[in-house]
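Below: one structure, written as structure tokens.
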Amino acid sequence: MNTTHRHRRSRASSTSAGLLALVVVAGTPSVTRAETLRIPTPPTPVVVRYAATATDCLVDCNEERTAAGQSLANDRRDTGFDPDPPPAGTGIVMTYDFFGIQPQSPAIFGRDGAYSARVGDDVLWVYGDTFSSAGLFSSTAAIGRVDDPLAFEDSLSADAGPQQFIPYTPDEVQFNAAGGVDNRIALWPLGAIATGRHTAVVPFIKLIVRGTLDYTILGTGVAAVHIRSPKSRIRLRVVRDRDLLFGPDEPLYRPVFTKRVANRNYVYFYSPDSKVARVPLRRLHVRRDYQFWDGSRYMSDASAARAVAQANLNTISFDAHLGRYLSTSSRFWSNLLELRTAPAPEGPWSDPTIVNMDVPPNAEFFNWHPAYGDDRNIVLSYVTFTSSYVSQIRLFRVTLDGGAPSR
């Protein structure tokens, strides 16, 4: 049995909300319940407080030296890590203010990822590794309200714990039971795309995780999600495709937005090295219908794909205020937000505008959530771990004061 809990909004508190219980279906009518991987019980979450008042930031403000930025610089010096600095910004002017800490259940200690998509009147949130009192889950989910990024509804199991979002197959459950935390199969969501008023598709990466930054990619697949009425005891039903769409030697593509082309809706995907793919919205599950940008046109040959930027274009959507596509991202081991714009999904993409948002040095996943706000006022999130297994997802409201930057 499952119970449904609703969480009140709390801007000033880090009081958490939880995750959603699911009908877990592994490509067949039978129900498969994934076995949880046990982890050490983490300490009581520690709230890291920092400046939460509205702050004006005229780029390029990466020249500012905050305590967090100086700590990051010290870490880089001590470890010998010294990446090439990003190129000069393009001139977007923006202001931002701290919006709040995303609620999560007391049973949840930490999670990462935090991608979202509006699905009718709901917002589907998906997360990667989630540490909880019930164990470690490689994917979890939540449902939000479109009128408030901090309002969540969580559906939890009878013991008030989270459940695996993207279902494991019986073979994967057996592998994880034998391997443990240091040799496990993970199913990490790559994003979410609405396919109807109550339905969405969540592409995911399947990989073997042996430790921090020690992964073996097995491929990428998709899972179909149905969001039921708020009156339903179980809000989410997830059905995972039996076969993977892409193999381990093919690019890893993340879904980012939907665009109408020639009276047909296409979903656009970007790889970490900024190659572009697209597929008709109704054909997300069909590998042969994917097309790849070769620099001048879309081809069915994935090996023909060419990068459109020298960057990881993480979350992207069209911004009517700028009149261009806007990308938000950050570099590996960097807590600086990078903004880029382009007139089309294929580019040309601008050089980055670098924004120091005075966030902790370990901040990551600067994701844009177009389900909230409008084209001038957008909502961004980032993840920061405050201690082992303990994280917070913090939200910022960003106002874009300038027009589209020139190249």
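The values are calculated or read from the model by the stated rules, or taken from the named source; none is laboratory data. This one's a predicted model, so the numbers in the text were calculated from it and none came from an experiment. Glycine gets a Cβ as well: all are built from the backbone with ideal geometry, and neighbour counts include every protein chain shown.
For (1) more than 16 Å from the chain's Cα centre (by Cα); (2) assigned to a strand (DSSP E or B); (3) buried (at least 22 other Cβ atoms within 10 Å of the Cβ); (4) of a type in the set (Ser, Thr, Tyr), each residue gets a yes or a no:
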position: 109; (1), (2), (3), (4): yes, yes, yes, no
position: 142; (1), (2), (3), (4): no, yes, yes, no
position: 152; (1), (2), (3), (4): yes, yes, yes, no
position: 168; (1), (2), (3), (4): yes, no, yes, yes
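Can you tell me which residues in the range 195-251 are among the basic types (Lys, Arg), crowded, with 16+ Cβ neighbours inside 10 Å and not in a loop (DSSP other than H, G, I, E, B)?
Once the filter is applied, which keeps residues that are among the basic types (Lys, Arg), crowded, with 16+ Cβ neighbours inside 10 Å and not in a loop (DSSP other than H, G, I, E, B), the range 195-251 yields 206, 237, 240.
Taking the range 196-241 on its own, how many of its residues are at pLDDT below 95, under 30 Å from residue 178 (Cα atoms) and of a type in the set (Lys, Arg)?
Residues meeting the conditions: 2.
Condition check ((1) in a strand (DSSP E or B); (2) aliphatic (A, V, I, L, M)) across all residues:
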| site | (1), (2) |
| --- | --- |
| 303 | no, no |
| 309 | no, yes |
| 312 | no, no |
| 317 | yes, no |
| 321 | no, no |
| 327 | yes, no |
| 331 | no, no |
| 335 | no, no |
| 339 | yes, yes |
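For the structure I just gave you, tell me whether residue 373 is within 30 Å of residue 121 (Cβ to Cβ), surrounded by fewer than 22 Cβ atoms within 10 Å (Cβ to Cβ) and in contact (Cβ under 8 Å) with a residue 60 or more places away in the chain.
When the stated conditions are applied, residue 373 does not pass them.
Looking at 346, 338, which one is among the acidic types (Asp, Glu) and surrounded by fewer than 22 Cβ atoms within 10 Å (Cβ to Cβ)?
Residue meeting the stated conditions: 346.
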